Amino acid sequence: VKADGTKVFDLEMRAGEKEFRSGQRTKTWGFNGDHLGPTLRAERGDKVEVRVRNTLDESSTVHWHGMHLPARMDGGPHQMVRPGATWTPYWKIDQPAATLWYHPHPHGRTEQHVQRGLAGMFLLDDDKSAALPLPKKYGVDDLPVIVQDVKFDGAEFDHGRGLMQNVGFLGDRTMVNGTLDPHREVRDELVRLRLLNASTARTYSFGFDDNRRYTQIATDGGLLERPVQTERLQLSPGERAEIVVRMRAGERTTLRSFPQDNYGDAWNTRFGGADDSFDILQLRAAEALRPSPALPQKLGELEVPDGSDAVRARHFDLKKSGINGRKMAMDRIDETVTRGTTETWTVRNTNGMPHNFHVHDVQFRVLEVNGKIPPPHLRGAKDTVFLPNGTTMKLALRFEGPADPDTPYVYHCHLLYHEDEGMMGQFAVV
Ligand code: C2O
Ligand code: CU
Ligand code: CU
């Protein structure tokens, strides 16, 4: 903490090695360690500064996914950090409590940099969520769950993509927080899991092996208005959700990913990974559990716009070959939005394969999915949404600025192979 109260974090991008499987070392990248990065945490109203040092032998960036902040601090493809250099973004946290994350964003190489292990969580807190009776003992009844799929090839991660795999790389195993076949002892009746899909291409449908119901309490950008009971929750790359699961003394239950039936045709279902299932994380309850308070019926108030004051409508046609027919160009700003205004963005995928859509700087509201009101799990603050083939979504976004006509933010498909191939565009706030 600096004299003016600014919270300072140090992040160093490093090359390392890690023993994921006994006796076999794999070359990795990490922040401040061999693989993945520390969980950063700040409160609404905090001023933060991150010293990002790059000790790798290539340039990269660090982007704060889900964060509202000035474009120059965003860590997108324009804020490259050269080998040996330190980049020091600073901003003020001005958004609700949420599970955000950070990862590299160098244009054309994001998939590789994330896959090697550069990713971490950035948790935000605020007074309203702190006052709610939710599980909140970090590492005890409030657990980060970073889900990634991997494939090993000797001392390296296998980054290969099958010829048929038009979504990008799909691994044959999953890890949680960098651990294969993970399990976790729990000692509380209610356990909160902060799920982050940090995979490069794979979408998961989360549920438990015994099909128990659990409670979703948050989406990408923070708490839902009220809890949602469910058995399955689909998260595409970049999306987060917080869920609370009730445990019984002495039992075991396994968080799994189940097959998904909304990928469209048999080709995409098979080669896009929708047929696959994985055991993600086993929870093992102690013989005696500490009682947890009942979950509140009312969680938060959404701060996302409802679209009623929208001044402009834009349309985005998602294709692997580019958004609105254009591939990303670093020196072209595709859209210019006005500070302090709300817009609706209609995003459409008729490309015959799954995509998703992520917008930097903002948390948005999903107004419609294929012309209908969205399902409960999408009625929260979102920054990334999954669009299987044949999906159209109407979003409401409010751009708070600050204005910076020269430094754009980006929007893109978060299937990182697609993003790297140019499925990305730029917008500036003026
Ligand atoms: Cu998580 Cu533009 O990224
Ligand atoms: Cu982002
Ligand atoms: Cu895509």
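Tell me, which residue of region 117-128 that is surrounded by fewer than 22 Cβ atoms within 10 Å (Cβ to Cβ) and more than 15 Å from residue 64 (Cβ to Cβ) is farthest from ligand 3 (Cβ to nearest atom)?
Within region 117-128, the match that is farthest from ligand 3 (Cβ to nearest atom) is 127.
Looking at 352, 401, 325, 422 in this structure, which one is in contact with a strand residue (DSSP E or B) (Cβ under 8 Å, 6 or more places away or on another chain), of a type in the set (Gly, Ala, Ser), at pLDDT below 95 and not assigned by TED's automatic domain parsing to the domain that holds residue 200?
401
Picking from 75, 16, 84, 33, which residue would you name as being more than 22 Å from the chain's Cα centre (by Cα) and assigned to a loop (DSSP other than H, G, I, E, B)?
Residue meeting the stated conditions: 84.
Can you name every residue in region 37-62 that is assigned to a loop (DSSP other than H, G, I, E, B) and in contact with a strand residue (DSSP E or B) (Cβ under 7 Å, 6 or more places away or on another chain)?
37, 38, 39, 44, 46, 55, 56, 59, 61, 62, listed by residue number.
Using the structure shown, decide if residue 184 is part of a strand (DSSP E or B), away from ligand 1 (no atom under 16 Å from the Cβ) and in contact (Cβ under 8 Å) with a residue 60 or more places away in the chain.
yes
Tell me the residue from 285, 329, 294 that is outside any loop (DSSP other than H, G, I, E, B), more than 23 Å from the chain's Cα centre (by Cα) and among the small types (Gly, Ala, Ser), please.
Checking each option against the conditions leaves just 285.
From the residues in region 141-194 that are among the charged types (D, E, K, R) and more than 30 Å from residue 215 (Cα to Cα), which one is surrounded by the fewest Cβ atoms within 10 Å (Cβ to Cβ)?
Ranking the candidates gives 153 first.
Kindly indicate whether any position in region 371-381 is in contact with a His (Cβ under 7 Å, 6 or more places away or on another chain), in contact (Cβ under 8 Å) with a residue 24 or more places away in the chain and farther than 19 Å from residue 312 by Cα.
No.
State which residue is farthest from ligand 1 (Cβ to nearest atom) when the search covers only region 373-427 and only residues that are in a loop (DSSP other than H, G, I, E, B) and under 18 Å from residue 101 (Cα atoms).
380
Could you please let me know if residue 66 is crowded, with 23+ Cβ neighbours inside 10 Å, over 13 Å from residue 118 (Cα atoms) and not assigned by TED's automatic domain parsing to the domain that holds residue 410?
Details: crowded, with 23+ Cβ neighbours inside 10 Å: yes; over 13 Å from residue 118 (Cα atoms): yes; not assigned by TED's automatic domain parsing to the domain that holds residue 410: yes.
Spelling it out, residue 66 is indeed crowded, with 23+ Cβ neighbours inside 10 Å, over 13 Å from residue 118 (Cα atoms) and not assigned by TED's automatic domain parsing to the domain that holds residue 410.
So is residue 268 assigned to a loop (DSSP other than H, G, I, E, B), of a type in the set (S, T, N, Q) and modelled with pLDDT under 95 or not?
No.
Identify all residues within region 134-170 that are under 18 Å from residue 255 (Cα atoms), assigned to a loop (DSSP other than H, G, I, E, B) and without any contact (Cβ under 8 Å) to a residue 60 or more places away in the chain; write none if there are none.
139, 140, listed by residue number.
When region 356-380 is examined, which residues are found to be among the basic types (Lys, Arg), under 18 Å from residue 343 (Cα atoms) and surrounded by fewer than 18 Cβ atoms within 10 Å (Cβ to Cβ)?
Matches in region 356-380: none.
Test each condition in (1) in the same structural domain as residue 24 (by TED's automatic domain parsing); (2) in contact with an Asp or Glu (Cβ under 8 Å, 6 or more places away or on another chain); (3) more than 30 Å from residue 340 (Cβ to Cβ) for residue 104 and report the one that comes out false.
Here residue 104 clears every test but (2).
Output the residue which, of all residues in region 411-430 that are over 15 Å from the mean Cα position of the chain (by Cα) and of a type in the set (A, V, I, L, M, F, W, C), is nearest to ligand 3 (Cβ to nearest atom).
Among them, the one singled out is 423.
Hey, among the residues in region 14-36 that are under 24 Å from residue 194 (Cβ atoms) and in contact with a His (Cβ under 9 Å, 6 or more places away or on another chain), which one's surrounded by the most Cβ atoms within 10 Å (Cβ to Cβ)?
29
Please specify each residue of region 275-301 satisfying the condition of being surrounded by 18 or more Cβ atoms within 10 Å (Cβ to Cβ) and more than 19 Å from residue 209 (Cβ to Cβ).
289, 292, 295, 299, 300
Within region 302-315, count every residue that is of a type in the set (A, V, I, L, M, F, W, C) and surrounded by fewer than 17 Cβ atoms within 10 Å (Cβ to Cβ).
Summing the residues that are of a type in the set (A, V, I, L, M, F, W, C) and surrounded by fewer than 17 Cβ atoms within 10 Å (Cβ to Cβ) in region 302-315 gives 2.
The values are calculated or read from the model by the stated rules, or taken from the named source; none is laboratory data. Everything numeric in this text was worked out from a predicted model, so none of it was measured. Please note: Cβ atoms are built from the backbone with ideal geometry, for glycine as well, and neighbour counts cover all protein chains shown.
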